[in-house]
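A short worksheet on the structure shown next.
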């Protein structure tokens, strides 16, 4: 087992280096390759160990931002728990490793494991999906045809085919040591298998490159009627959990940036915006209940002469609070709203609080639970149909798909990353937004309190971006697109079909083993 253990650990390291922070996206294929080799021909428990080790080496550094201000216990708990899904994946790979065509079943099992991890428990946690390492590269375009699941499948299939080639070459080298005729035939067969596997591993990214051609070059000003959009990053007084200890300062920062933008508009330096986007938590003071907050937001809207999408924490319903996007008109004040549909467990609400308190008293930093919204974030703002998702919601396929299906001509991600400091979290989240832009053929606007704010074109390229913990504002003409990508039309079907393919392989092995046991009896 030592070489298998080392191989699994190396695969986890390759995956970590493929993600933003290091950004070596080409290394992502080595993760599935390493785990397939480590689990090949093993009993299920050997595969479980290999998968667990790969998950730990990959996820603990990837998710280190979760513990930057709350300590190591929540971070380690999350990383270890999420690694259990990789353990299940490793066990399934070991079980199916001797099936004909195993690289395909193995790649499908990667999709199945991500589908489970993205849904359970408490709605799942999709961070670290293979697809999210591919904001750049030959696999990116596949998002427009089958969403993130197809990108994951392509990355995993390339890796498993490389693993198959390595195994075939090893077999050919082993048999080369004998001159017996049967061994020579076996060697030629192994070399043919290796050649086919290498050809397949090269064909998958080549297919992605060809699929890119119809998508190449769409700017955020092409494809529909344009609206002038302003993105405001007001910044926060300090990084960390107490970023909003001076809640009025955060609101004032965004008001000040908007008023300065209004002055630039009057001076003719920038075009007047049709709509303005503020980030999540730009007003942690409920503007419905606080007349002063109402007044300064209304003043900013009147100064700029355009509606503002305000990210606010709103009291209610009942004992809850709501993470809300509010369309604030310069004449009529607050209008349409979107309430975050997927609040983050253990960060925005605490299920089973008494149980989790046994592990860390940090759960009590969440003094009041956020409610779960029910309506899709489709809002009419300044003549644009905007699809609003808040913070981590960009990681969930269905939440982004819902706003596009509801008619969004552009997607807005309102986010607050101040609680993660100067870590890679913001870059990782931006990579997800870039993949979503390609997946749905929409410009994605990211508005963050402290960065990274960005405008992402439909081809995934970043047209404008801010830096962390600075104030910034930019204004862009953005096309309101209505074209539907193949991925949008197919919805979740690629994920379900690939998941069924992987689970079908597991079921086939189980049936075969059951039949063998019955014959033996």
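Bear in mind these aren't lab numbers, they're just calculated from the coordinates by the rules spelled out. Values in this document were obtained by computation on a predicted structure and should not be read as measured data. So basically every Cβ, Gly included, is an ideal-geometry build from the backbone, and we count neighbours across all protein chains shown.
Listing for the model above:
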| read-out | value |
| --- | --- |
| Tilt relative to the chain, helix 2-18 - C-alpha long axis, 0 to 90 degrees, to 10 | 30 degrees |
| Spherically averaged projected area of segment 226-490 from its Cα convex hull (nm²) | 13.6 nm² |
| Cα shape, segment 418-500, gyration tensor, a/c 1.5 rule | oblate |
| Euclidean distance between Cα centres, segment 1-76 to segment 423-440, Å | 21 Å |
| Estimated translational D of segment 20-126 in µm²/s (Stokes, Kirkwood radius over Cα pairs; 10 °C; 1.306 mPa s) | 111 µm²/s |
| Residue order, fewest to most beta carbons within 10 Å, for 422, 370, 19 | 422, 370, 19 |
| Ordering of 481-492, 303-314 by packing [mean C-beta count within 10 Å, highest first] | 303-314, 481-492 |
| DSSP-defined beta bridges in the chain - what % are antiparallel, rounded to 5 | 65 percent |
| Diffusion coefficient, µm² s⁻¹, Stokes-Einstein with Kirkwood Rh over alpha-carbon pairs of the chain at 25 °C and 0.890 mPa s | 101 µm²/s |
| Most to least packed among 425-431, 348-354, 26-32 [average Cβ atoms within 10 Å] | 26-32, 425-431, 348-354 |
| Peptides ranked, highest mean first, by Cβ atoms within 10 Å: ranges 109-116, 72-79 | 109-116, 72-79 |
